[in-house]
Ligand code: FAD
């Protein structure tokens, strides 16, 4: 790569100042490095004014600026459309190049192609570097050099490639090259949430690099038990790092390095390799999206586009009941309450609620996917789309369409004592472990004793599972021959 006098690092999904591909490249090839973050008004304007992700980003930007200042640098923060802001700033700073971490979402790919063209027209370079995944779209292929569409062989090939190329996990150091940073022109002048047009408020989880590290250290302390406990929402044993991975306040290489060492040394017990697998799922879905951008609006498997989902007023009312946690199925309602109130939902419950929407209510997965996109702190197009298409049986390596989760059995199995339900559905808090999973099967007298009247304090089930199941099997019969 050429040697540059000035360069500009544009932060997007990589809000940290360590192990950072674009920063490292800029610092090692330029005399003077500037850093910028752009609050993209096209993304911010449609969001609710109390959006939790904006609070998370806002707090993480403050933490990034503070860390850059510790290194003798600073963060330029702008608002607007990146396609206007970045070329103008690059001109103002006389930057020879703009460097970014690659983003594989179709809209981002298109924006970056336009950015590249615009910068090139001004005589500047645009460098996009792999940073948010271990292996990107073309890097893990089948023996026939094609893409994988099934996870387990992908994972085996991924692990094999990593064993052959351990340098993939090497860190991209920043601090030792800090001399190349442009020094701050004055004290921090970051916009407040109000100045950005949002209500003030705390982020939904500890933000910034230190927030990520705090969560990771806590998680590593009990990673050994992850394989057993990860399916039980009330045990709250997962890492909660998804939002940090989404915004790059932690480094995927740092997490994989640590997990892999724990696998090799045995220090992470059986849980470390299960957790490593989950991180590989993230790479898998990123690759699926990058290679199959049609999944954003259509089924991964085209035959499933023939499915006729429920529509009309009744479907709209059922969808509203699902969104608001009023389905009458306690585990589903508890999960939706967790999502609505915190912006997080446990993985098992994402599978249960997505299955319920598509298989019990017969509603198009795209509606549920959009609702999750609006609410999830960790919303990421690739994993969300992959998870929804898995649950709806329309995706790659998906749940077979004839295997339909029973929401009561899932509840008995994964929240046996009803602890999670009690935490999120206060109306049912006095019900015992035998009653709480299907309150409509409990006699009125027992319910009355516990202060619950169905239809008043808690809804009756909006559908009957066995009937819904039959309907779903019929619905999917149109694709029977195609799979
Ligand atoms: P941990 O169990 O600690 O896992 C560690 C990390 O591995 C996660 O942070 C995540 O980055 C990755 N990971 C774990 N499971 C998966 C998976 N199935 N697919 C891809 N990556 C995974 N994850 C998102 O990050 N954003 C989403 O928008 C999202 N939407 C989902 C929608 C549905 C319907 C389903 C079934 C799953 C979805 N997931 C999504 C995957 C998973 O539920 C979350 O990553 C996980 O619950 C986050 O909690 P954690 O960080 O404690 O995970």
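Data for the structure
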item: Overall form of the range 9-103 per C-alpha gyration tensor (a/c, 1.5; a/b vs b/c); result: oblate
item: Alpha-carbon centroid distance for the pair the range 124-201 / the range 392-418, whole angstrom; result: 33
item: C-alpha long axis of helix 151-164 to longest principal axis of the chain, angle in °; result: 30
item: Computed over the range 134-214: relative contact order in percent, which uses C-alpha pairs under 8 Å that are six or more apart; result: 16
item: Length-normalised contact order for the range 110-266 - Cα pairs under 8 Å, 6+ apart - percent; result: 22
item: Space enclosed by the convex hull of the alpha-carbon atoms of the chain, per residue, Å³; result: 160
item: Cα gyration tensor, the range 187-326 - rounded (a/c under 1.5), prolate or oblate; result: oblate
item: Relative exposure of 214, 369, judged by other C-beta atoms within 10 Å (fewest first); result: 214, 369
item: Computed over the range 399-454, the ratio Rg/Rh where both radii use C-alpha atoms and Rh is Kirkwood; result: 1.05
item: Rounded if a/c under 1.5, otherwise prolate or oblate - the range 276-340, Cα gyration tensor axes; result: oblate
item: Cα long-axis angle, helix 465-476 against the chain (0 to 90 degrees, to the nearest 10); result: 60
item: Relative contact order of the chain, pairs being alpha-carbon contacts under 8 Å that are 6 or more residues apart, as %; result: 16
item: Modelled FRET efficiency - R0 30 Å, residue 160 with residue 340, Cβ distances, 0.05 increments; result: 0.10
item: Likely footprinting exposure, 114, 12, fewest C-beta neighbours within 10 Å first; result: 114, 12
item: Stretch gain in nm, segment residue 83-residue 130, where the contour uses 0.36 nm per residue and the Cα spacing is subtracted; result: 14.8 nm
item: Simple label model, 7 Å out from Cα along Cβ direction - residue 453 to residue 50, nm; result: 3.0
item: Förster radius 25 Å - calculated FRET efficiency between residue 347 and residue 41, Cβ distance, rounded to 0.05; result: 0.15
item: Crossing angle, helix 365-375 versus the chain [Cα axis fit, 0-90 degrees, rounded to tens]; result: 60
item: Listed peptides 97-110, 379-392 by packing density, highest first (mean Cβ within 10 Å); result: 379-392, 97-110
item: Cβ-based exposure ranking for 149, 239, in which fewest neighbours within 10 Å come first; result: 149, 239
item: Kirkwood-based Rg to Rh ratio, the range 320-470, C-alpha trace; result: 0.97
item: Residue 408 paired with residue 121, simple spin-label distance in nm, labels 7 Å along Cα-to-beta-carbon; result: 6.4
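Coordinate-derived values only; no laboratory data. Note that the coordinates shown come from a computational prediction; the quantities given were computed from them, not determined experimentally. Cβ: placed from backbone, ideal geometry, glycine included. Neighbour counts: every protein chain shown.
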